[in-house]
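To keep things clear, I will list the structure first and then write my remarks on it.
The values are calculated or read from the model by the stated rules, or taken from the named source; none is laboratory data. Keep in mind that this is a model prediction, so the values were computed, not measured. A quick note on method: Cβ atoms are made from the backbone with ideal geometry, for glycine too, and the neighbour counts reach across all protein chains shown. Just the protein is used for accessible areas: all its heavy atoms, side chains included, with ligands, DNA and RNA removed. Shrake-Rupley method; radii C 1.70, N 1.55, O 1.52, S 1.80 Å.
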Amino acid sequence: MSARPWTLLLLLLIAQPDQRYFHYTRQLRMPSQQSASSQQTCAVIDPALYAHAAPQLADLRLYRDGREVPYVIADNVSTTEAYPKNQPLNLGLRNGKTVFDVKMPGGPYTDIWLDIDPAVQDFVLSVDVSGKEDLSSTEATHLGSYTIFDLTQQKLGRSTVLHLPASTFAYLHFSIEGRLKPTAVESLTYATTTAQTSPQTIVVAETARVTQIERTSVVNFDLLANVPVDSIRFVPSASSGNFHRQVEVSVEPVNKQPGVSPLTAASFDILRYHGAQNGKRIDEEQLNEVVQNQDRLGATRWTVTIQNGDDQPIAFDSVRLEMAVHRLCFDAAAGAGYVLYYGDQALSAPQYDYSSFFHADKEAAQAAFGPEEINSQFIPRPDERPFTEKHPALLWLALVLAVAVLGSVALRTAKQTTPKQ
């Protein structure tokens, strides 16, 4: 049997785009200077677009003169892939310094985290890092000198991260100067990262309003439905000085059901230290953190709680929720006008061949979305659900009546039947 009839049936069951069923539109403001031929053009998707679109932007449709135009939603920010902990190679002492090597991945990498035994505290150490392609080679490229520290007794936290320049060496060599035994170096964690072509994030919400509740500082945000949050950033005032605090971020629906507990989106520490310890200069800030996206909860309330303990609250210029940058990219014809339609929750994400052949062009033209408008042609999409889904109560009523009728028949039959002697 041919699969064609089943394909046609499937297409009939899946909602198809129709300009009349989209509730909202946004004109694209095209660049003033366009090439004479087709050119890749991109527009940054702002947070406001998420509020009235379907989850994951599944209902976005781009039109030119009434015809649907294929597009792709492209990430133009750096992406990071964490690798499991690696054991150091050739770990030992050399000229009073702890030295070791680590085999690195093929792709570019930046930040390196040294996993030092948590029992080892109160230290300030210098770390020299060099890179080479062959482990046995005596030639190496010096990548920099870094300071790691543990100032727990001063309530200023601990940092063992090394902010390397983007590198691709097959091996890294580490030399730690100071009182640190080789056995204290447990492992190493690193992450690969891809290059970025524009700012990493867009501010979703920002406030300087901080409420003090007992020994905590609390910041609240109310977000519209479907708006994603990928990270949180703290901007302390210059007068705040050095600090180290524990932070917890919780999320709950604005219209949550009674008894439903908030979800924990992240739990982390923030840290700022600028100064000198043991004759070594330290400049370290850890003021932003990736959080677990909760864009499927509808409209949400985000609560950021900062534990102050017995210390004075931190003065913040702002606290920001941020989303990763995404762009809607397509091939634009010279002089053509384009309109984005959205707001039809029945649609699923489109499948275009364009996405299979898409390659981001560094010279892509930059367009921008105009203000949101109500679609002048809008009419509600007809309810195409089966009758039983539209009226589930009738189905239960029919079932109850059927059971009642069968019970009545069974009872009458029992009364008319006499037992045999």
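Observations, loosely collected:
- Burial order of peptide ranges 16-29, 91-104 (average beta-carbon count within 10 Å, highest first): 16-29, 91-104
- Once the Cα atoms are used to define both axes, helix 4-13 deviates from the longest principal axis of the chain by about 80 degrees.
- Length gained when the stretch T264-A208 is fully extended (0.36 nm per residue, less Cα-Cα span): 17.9 nm
- Solvent exposure of the stretch 168-258 amounts to 51 Å² per residue of accessible area, where only protein heavy atoms count and the probe is 1.4 Å.
- On Cα atoms only, tilt of 392-416 relative to the major axis of the chain in degrees: 50 degrees
- For the chain, a simple Cβ point-charge model (Lys and Arg +1, Asp and Glu -1, everything else neutral) yields a dipole of about 1460 debye relative to the Cα centre.
- Centroid-to-centroid separation of the stretch 122-162 and the stretch 206-247 [C-alpha atoms, Å]: 30 Å
- Length added when fully stretched, D353-V235, from 0.36 nm per residue minus Cα-Cα: 38.2 nm
- Per residue Cα convex hull volume in Å³ - calculated over the chain: 340 Å³
- Under 17 Å from the Cα of K280 - aspartates and glutamates, other chains or at least 8 residues apart: D122, D128, D150, E177
- Sorting the segments 63-70, 246-253 by their mean number of nearby beta carbons within 10 angstrom, highest to lowest, gives 246-253, 63-70.
- Overall Cα dimensions of the stretch 199-353 - principal axes, largest extent first, Å: 63, 47, 24
- Over all other residues within a Cβ to Cβ distance under 15 Å of K132, the charged ones net out to -4, with Lys and Arg as +1 and Asp and Glu as -1.
- One decimal place: the segment A299-Q87 gains 71.9 nm when fully extended, by the rule 0.36 nm per residue minus the C-alpha distance.
- The chain, accessible surface, carbon-and-sulfur percent (1.4 angstrom probe): 53 percent
- Protection proxy ranking, highest mean first, for peptides 328-336, 39-47: 39-47, 328-336, where packing is the per-residue count of other beta-carbon atoms within 10 Å, averaged.
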